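Worksheet: the structure to be examined is printed underneath.
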Amino acid sequence: MSTEPSASEASLTRLSQRVQHRARGANGRFIRVATPVVQPGDTDLPDDRFLDREISWLQFNERVLQLAQDPGVPLLERARFLAIFASNLDEFFMVRVAGLKRRIATGLAVRSASGLEPREVLDEISRAAHQLMDAHAGVFQVHIRPALADEGVRILRPDELTETDREHLSTLFRQQIYPVLTPLAVDPAHPFPYISGLSLNLAVILINPKTEREHFARVKVPPLLPRLLRLPTAEGDDDLYDARFVTLEDVIAEHLQHLFPGMEVREHFTFRVTRNEDLEVEEDDAENLLTALEKELTRRRFGPPVRLEVADDIDDHVLDLLVRELGVHDGEVYRLPEPLDLTGLNVVADLDRSELRWPPFVAMTHPDLAPVERSSQPDVLAAMRRGDVLLHHPYDSFSTSVQAFLEQAAADPQVLAIKQTLYRTSGDSPIIDALIDAADAGKQVLAVVEIKARFDEENNISWARKLERAGVHVVYGIVGLKTHAKLSMVVRQEGDTLRRYCHVGTGNYNPKTARLYEDLGLLTCDPEVGEDLSRLFNQLSGMAPRSKFKRLLVAPRSMRNGLVEQIDRVIAAKREGKDARIQFKINSLVDEQIIDALYRASQAGVPVDIFVRGICAIRPGVDGLSETIRVRSVLGRFLEHSRIFRFAVEGEGDVTYIGSADMMHRNLDRRVEALVRISSPRHLSELAGLIDNGMSDATSSWHLGGDGLWERHNLAPDGQPLADLQAGLIAEYSKRRRRARRR
């Protein structure tokens, strides 16, 4: 009897072998795993060529803190930067530190690309975070608080209150604060209470006058009440612009006796806990991702603690109790001067004091979209038929471009379908309203909603359900991947043909953040882009795993390899004696394969410019490794958020992409991302100029050295301030619009 496998068995064996080499989603879709692109010489690169990503992030937040220290920044904006620093650090601990601790606890942590062991990374984070949080508190206490007081904006301590203030606060406490407080005692009948993440609390020491026994109680500062309470104008104060505040926790502390009648309030101290609040949803086991995520959100607040902030005057025995009951280590305790949690300074930063803020800025309609008659609305679809439009927010208005594009499409009877990705959007989103209007009008509407957008999960679940009720086809992308691409496509009947109108952006479809985030977007009805977006949307909503694209690079399938191929093309051109260069504008650069490719480019003599906002793991300017690599960072009024990838070769023109992806593992391997190639020579020139301005020595920026340290360059040799990139762009775009009106 023959032992040779039959033809059918051999076929099945080959199929099985092919399947084993692909990652497979639970719904049967295959996700291609990018194979490392190993080039000759890669193995000869030094082991210490990568900077640590966690430390690099903390350095980014230090740059934010430096803006709060800068006397050249308007005072209320400096207060805002203090709040941003605090909010950034909260998220860092909730996600990055918590994730690292979880991997260490489960034995899954490995040595980082920088060469540090997991425990070493955690120790470095603790050391740097302690220094930064101390500096953050110092900037507020020593610089911002006194400067605000000089301008009539005071955050008062209890001993600075007048008798009139106390009477006002006493009434306020009885009527609006006391009813929502829940004091929790700790004794044999009452176990230590659960302390929710990011909640501000009072640790209260009570004495029973009859027994002289000491008791501990916890009072949570209600998060739904204003953190800073504004006091009425003081008697005799004629300045209507003065503002006096008192913290909510101080008001509660002054009235603790009302919460514990019959007890002596001996001491009280504020404290705050940060917990692991990253989500873990096993999508392969979840029949309904929406339901699974809703359940996980209810468990988020029960994550283990990763940081304990306490008032610097806290008694050691109270601190010992908190440390023991919360299960934190000494290195996770941060003693800070009160008030804790300076995210509350956003209230101060919102004050209507124009002389203490950035000069007013109102985004205007892009000249290519501007109507002939100023009083009429721009016809976005007509403008797109005339040619591609490159948008630059917030300098170009979002409401008269992207928002108008979708609103007009929803109202246009010739539009048959709208397809849209949604990652983060605002609570009262006109984008959502436009999609609902389109569905109500009988159009086919597809919304790819990423309900796992970190810390926006609840909002996105709410909007997903609202869209579904309106008849919009809502899908949640591909199992195992977040959909982060910023895409919109409108299909319109024009005579006997269909035309596809597309938007590919670098930022979210969020009108609110579009006024604060610097982003790019391409409006185009180019047939190749339309065909690409049709294929990509089919991947997201249906079964199309083998799609190929013409003007898009799409992660996780082709983006990393496509960018490395472009880098190698530039290297080859440089070796042939051609003038060539590489320029990236990104938020983060961490991916080792991309970094190694850039090192190879530098070793070939290619100038490499990296214009980065946040994390950067590349070492620039190292002899024999990265001599031609420069790294600059710009922070300011707007959050630099756009991504540009430019590959310039003499005689071949520029190959430039814009899109949603940063050079991180999560973007390139675990997200659906899209970059679109720019074709207009005018737009290519604009993008090159944007990067050149950011990299210029005449522009105020931070420079990264090969030792991993950043140095701020904001003053010229004569002591004069260097040019502010964003202020210059505001002026430049205003001139562009004036020139357009004269034409």
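Between the stretch 612-629 and the stretch 493-572, what's the alpha-carbon centroid distance in Å?
About 29 Å separates the Cα centre of the stretch 612-629 from the one of the stretch 493-572.
Can you find, among 635, 479, 705, the residue sitting farthest towards the positive end of the charge dipole of the chain, where Lys and Arg contribute +1 and Asp and Glu -1 at Cβ?
Value computed over the given set: 479.
Roughly what would the spin-label model give for residue 352 and residue 433, points 7 Å off Cα along C-beta, in nm?
Those two pseudo-labels are separated by 2.3 nm.
Given the peptides 684-696, 519-531, arrange them by the average over their residues of other C-beta atoms within 10 Å, most packed first.
Those peptides, ordered most packed to least, come out 519-531, 684-696.
How tilted is helix 430-440 with respect to the longest principal axis of the chain? Cα atoms for both, answer in degrees (0 to 90, nearest 10).
60 degrees
Label 7 Å along Cα→Cβ of residue 578; the stretch 630-672 residues with amide nitrogen under 15 Å?
What the label zone holds, given the 15 Å backbone N cut-off, is 647-656.
Can you give the FRET efficiency to the nearest 0.05 for residue 516 and residue 186, using r as the Cβ-Cβ distance and R₀ = 35 Å?
Taking R0 as 35 Å, the efficiency between residue 516 and residue 186 is 0.20.
Would you please classify the overall shape of the chain from the alpha carbon gyration tensor, given that a ≥ b ≥ c denote the square roots of the eigenvalues, rounded means a/c under 1.5, and beyond that prolate means a/b larger than b/c while oblate covers the rest?
prolate
Measure nothing but the geometry: give the 0 to 90° angle between the long axis through the Cα atoms of 118-138 and the longest principal axis through the Cα atoms of the chain, rounded to 10°.
60 degrees
Measuring from centroid to centroid over Cα atoms, what is the spacing of the stretch 699-714 and the stretch 202-275 in Å?
Each part's Cα centre sits 43 Å from the other's.
What does DSSP give for the stretch 459-568 in terms of the percent of beta bridges that are antiparallel, rounded to the nearest 5?
100 percent
Kindly write out, for the stretch 194-206 in residue order, the coupling ³J(HN,Hα) from the Karplus curve 6.51 cos²θ - 1.76 cosθ + 1.60 (θ = phi - 60°), rounded to whole Hz, with x marking Gly and Pro.
Computed from phi, the couplings for the stretch 194-206 are 6, 9, 6, x, 6, 7, 8, 9, 10, 8, 10, 9, 10 Hz.
Pull out a ≥ b ≥ c, the square roots of the eigenvalues of the alpha-carbon gyration tensor of the stretch 582-701, then state rounded if a/c is under 1.5, prolate if not and a/b is larger than b/c, and oblate in the remaining case.
Taking the square roots of the gyration eigenvalues as a ≥ b ≥ c, the stretch 582-701 is rounded.
Using a 1.4 Å probe on the protein heavy atoms, what percent of the accessible area of the stretch 668-732 belongs to carbon and sulfur?
Looking at the stretch 668-732 in its full context, I get 52 percent from C and S.
Could you rank 161, 116 by how accessible they are, 1.4 Å probe, largest area first?
Largest to smallest exposure gives the sequence 116, 161.
So who's got an amide H within less than 5 Å of the one on residue 660, skipping anything under 5 residues away but keeping other chains? H placed 1.01 Å off N, in plane.
Residues meeting the amide H criterion: 486, 674.
Alpha carbon centre of the stretch 319-365 versus the stretch 402-425: separation in Å?
That distance is 38 Å.
For the stretch 489-542, which whole-number percentage of the solvent-accessible area (1.4 Å probe, protein heavy atoms only) is attributable to carbon and sulfur atoms?
Of the solvent-accessible surface of the stretch 489-542, carbon and sulfur hold 46 percent.
Among 466/550; 419/550; 578/735; 482/735; 101/419, which pairs are too far apart, with a Cα-Cα distance over 29 Å?
Correct reply: 466/550; 578/735; 482/735; 101/419.
Quick one: putting +1 on the C-beta of Lys and Arg, -1 on the C-beta of Asp and Glu, what dipole do you get for the chain around its Cα centre, in Debye to the nearest 20?
3080 debye
Of 501, 517, 476, which has the most accessible area and how do the rest follow, probe 1.4 Å?
I get 517, 476, 501, largest accessible area first.
Relative contact order of the chain: what whole-number percent is it, with Cα pairs under 8 angstrom and at least 6 residues apart?
Relative contact order for the chain comes out at 11 percent.
So if each residue of separation counts as 0.36 nm, and I subtract the Cα-Cα distance between residue 127 and residue 414, what length gain in nm does that give?
Full extension from residue 127 to residue 414 adds 97.2 nm.
What does the helix-only formula give at 222 nm for the chain: each DSSP H stretch with n ≥ 4 adding -39500 (n - 2.57), the total divided by the residues, and the result rounded to the nearest 500 deg cm²/dmol?
-10500 deg cm²/dmol
Just by accessible area at a 1.4 angstrom probe, what is the order of 77, 267, 163 from largest to smallest?
Putting 77, 267, 163 in descending order of accessible area: 163, 267, 77.
With a probe of 1.4 Å, find how much accessible area the chain has per residue, and write the answer as a whole number in Å².
On a per-residue basis, the chain sits at 45 Å².
Quick check for me: using +1 on Lys/Arg Cβ and -1 on Asp/Glu Cβ, what's the dipole size of the stretch 302-428 about its Cα centre, in debye to the nearest 20?
For the stretch 302-428, the charge dipole is close to 980 debye.
In degrees, nearest 10, range 0 to 90: what is the angle between the Cα axis of helix 163-172 and the longest Cα principal axis of the chain?
In the chain, helix 163-172 runs at an angle near 60 degrees to the longest axis.
The values are calculated or read from the model by the stated rules, or taken from the named source; none is laboratory data. Since the model is a prediction, treat every value here as computed from it, not as a measurement. Here the Cβ is made from the backbone with ideal geometry for all residues, glycine too, and neighbour counts use every protein chain on show. Remember, those area values only see protein heavy atoms, side chains included, never the ligands or the DNA or RNA. Shrake-Rupley method; radii C 1.70, N 1.55, O 1.52, S 1.80 Å.
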